[in-house]
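Structure first, then comments.
Readers should treat all values here as calculations from the given coordinates under stated rules, not as data from a laboratory. None of the values given here were measured: they were computed from a predicted structure. Cβ sites come from the backbone with ideal geometry, for glycine too, and all protein chains shown count toward neighbours.
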Amino acid sequence: MNKRQKYRDLINQTFDFPQRDFKEEKNTLFWNDLPLMDIIAQYGTPLRLTYLPKITQQIQKARRLFNSSIANNNYSGDYHYGYCTKSSHFSFVLEEALKNKVFLETSSAFDFEIIKRMEERKKFKKEQYIVCNGFKSDAYINKIIEAFNNGFKNIIPVLDNLDEVDKYSSISEPMNIGMRIAAEEEPKYEFYTSRLGIRYNDILPLYEQKIKDNPNLQMKMLHFFIDTGIKDVNYYWTEFHKALGVYCDLKKICPELNTINLGGGMPIKHSLAADFDYEYMINEIISQIKITCNNEGVDEPDIFTEFGSYTVGESGCVIFGVLGVKHQNDRETWYMLDGSLMNNLPDVWGLSQRFIMLPINKWDDDYKHVNLGGITCDVGDYYNSDAHINQVYLPKIKPGEKLYLGFFNTGAYQDTLSGYGGIKHCLLPSPPHILVDEKRKNEFTYKVFAEEQTAESMLKILGY
Ligand SMILES: Cc1ncc(COP(=O)(O)O)c(C=O)c1O
């Protein structure tokens, strides 16, 4: 006879569980110790949550690991943690990150409006670094120059193409600049070389021809960001070493160069099965840079990072309720959600991104194989495979019962891509958004950042 299998058993057999951020008590899920069922009882579903302390925890963890690795390797450069605003521009995210004195990485002209407000509110100082990436429009260039002239002297525009340097000709005192190296893409990708940055072979000539003799441009930083992320794989290390080689070659002719910017791409947890070894990876980065620089006889550079997902990803979750169950044939059962995956988690649809998805109640119930259906009419609005397995299992629902589930670590990019508060597929409103802070261990405070979007707000955008 088959022993009855509860959802809890499935999780315990598949993963090491409980984990740092996830535990189960009395058949319900806690995330960062938050009593999710109580939160649902108060605010309903669908719902967005941001657990603010996670942002500080992430920054502190990376700083601790970089700094201890620097100390252990007797490395002579410093580490600087930056936050890349594009991963979430919300004021509460910026404010939490800036409590930790991070520098900021910008990607467009509008970022400077955020920086201006943060400076006015005394959350950001003019002396802090601002690293400006991207292929820049005239408006963006003007904002960079304006900020520099207004006293943000530690701004560092990172040249993304060969012509950009000419656009800083109006600068009348020395300004730091950087150059981004265009990485070779992963072999499985459609292109050979990233469209972002300057080709390896053009870096030294650009310096020689346009920067070396310009007294107002100080070539301080070499930027290399491997878009597929920081991973302990051959491809990452090959690109990393190519870029280090360029750094050393450039350093030999450009004494003011003293910084390597590793960009973003520090991974976050998208599966309960994943366990990225941050300590090993960071230590490897520091020791590889040291060994290469020592072999080449150049000083060890300062290291900048601009982690976006890593800073804010694990602070967010989206919670749905199951509105109803549909059996469309003998094998396919759909749990129909009270919100849309496509609207609220666009990476699920656009990139087949997997997030940690778990039920919030009914852990003591039998489970079954299901598909999750978003409530829009779009055929693509579904979720049917977890990161560790090509299927989704959730507790069975008996008539009259309610099941809730959460997608976790969704705090980066989803709001930006879905156009938070704008027009959504099938005119579904943006769900309410609750900010959670923690004054003391397990003493939570809740603040409604946004109520559910109103019909009025959408109709206004639509011109009614
Ligand atoms: C230049 C640059 N830095 C940092 C980031 C942040 O990347 P991530 O969110 O993977 O940390 C990006 C992302 O696109 C980027 O383009």
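The sum of -39500 (n - 2.57) across all DSSP H runs of n ≥ 4, divided by the residue count of the chain, sets its helix-only mean residue ellipticity at 222 nm to -8500 deg cm²/dmol.
Placing pseudo-labels 7 Å out from each Cα toward the beta carbon at Asp275 and Asp366 gives an inter-label distance of 3.3 nm. Residue order for Ser315, Ser87, fewest other beta carbons within 10 angstrom first, comes to Ser87, Ser315. Mean separation of Cα pairs under 8 Å and 6 or more residues apart, divided by the residue count, gives the chain a relative contact order of 19 percent.
On the beta carbon distance between Asp227 and Thr416, with R0 = 22 Å, the FRET formula returns roughly 0.85. With the highest mean first, a sort of the peptides 302-312, 407-417, 121-131 on other beta-carbon atoms found within 10 angstrom per residue produces 302-312, 407-417, 121-131. Length available on full extension from Thr193 to Ile253: 0.36 nm per residue minus the Cα-Cα distance, which gives 19.0 nm.
Fewest neighbouring Cβ atoms within 10 Å first, the residues Met221, Met175, Met118 line up as Met118, Met175, Met221.
In terms of packing, defined here as the mean over residues of other Cβ atoms within 10 angstrom, the peptides 65-77, 424-436 line up highest first as 424-436, 65-77. When peptides 154-162, 398-406 are ranked by their average number of other Cβ atoms within 10 Å per residue, the highest-first order is 154-162, 398-406. Among DSSP beta bridges lying fully in the range 73-307, give the percent that are antiparallel, nearest 5. The answer is about 5 percent antiparallel. With Cα atoms defining each centre, the range 77-102 and the range 416-464 are spaced 22 Å apart in the structure.
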